[in-house]
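Heads up: the structure comes next, in structure tokens.
The values are calculated or read from the model by the stated rules, or taken from the named source; none is laboratory data. A quick note: this is a predicted structure, and the numbers were derived from the prediction, not measured. Cβ placement follows ideal geometry from the backbone for every residue including glycine, while neighbour counts extend to all protein chains displayed. For accessibility, only protein heavy atoms count, side chains too; no ligands or nucleic acids. Shrake-Rupley method; radii C 1.70, N 1.55, O 1.52, S 1.80 Å.
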Amino acid sequence: MKQVTTTKANLDEYMNAIPVDKLGLTIQDAIETTRRLGFRYIWVDALCIVQDDAEQTACEIKQMSSIYKNATAVI
């Protein structure tokens with residue numbers, strides 16, 4: 001199965017919904033774990049960062065330490 005990522009082409013679609021059944025099992029398990037822990041949100045780099053936008057990717061990478069530092073849980 002090809003890894004699902006957010007790109008410029010699917011960004012608008014993924015802003016509304018990402019088809020969970022198309023995600024890899026590791027991501028599906030992480031989503032299920034997040035739900036069971038009672039959390040509403042999950043950060044998945046491949047989905048939360050537009051992978052074919054070098055400018056956004058560079059900006060997000062600079063913020064990764066803050067993102068993980070402020071996370072309630074990291075799976």
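Miscellaneous remarks
- Answer residue from the stretch 35-44, given it is open to solvent by less than 80 Å² (accessible area, probe 1.4 Å) and in contact with a helix residue (DSSP H, G or I) (Cβ under 8 Å, 6 or more places away or on another chain) and is farthest from Asp12 (Cα to Cα) among those: Ile42
- The stretch 1-10 - residue that is open to solvent by 100 Å² or more (accessible area, probe 1.4 Å) and modelled with pLDDT under 95 and, of those, nearest to Val74 (Cα to Cα): Gln3
- Looking only at residues in the stretch 16-29 that are within 17 Å of Gln3 (Cβ to Cβ) and of a type in the set (S, T, N, Q), the one that is surrounded by the most Cβ atoms within 10 Å (Cβ to Cβ) is Gln28.
- Residue satisfying condition, being at pLDDT 90 or above, among the charged types (D, E, K, R) and open to solvent by less than 50 Å² (accessible area, probe 1.4 Å), within set Glu55, Glu13, Glu32, Glu60: Glu60
- The residue that is farthest from Leu23 (Cα to Cα), counting only those in the stretch 46-59 that are touching a residue at least 12 places away in the same chain (Cβ under 8 Å) and assigned to a helix (DSSP H, G or I), is Cys48.
- Residues that are assigned to a helix (DSSP H, G or I), over 19 Å from Val50 (Cβ atoms) and not β-branched (Val, Ile, Thr), drawn from the stretch 1-38: Asp21, Leu25, Gln28, Asp29, Ala30, Glu32, Arg35, Arg36
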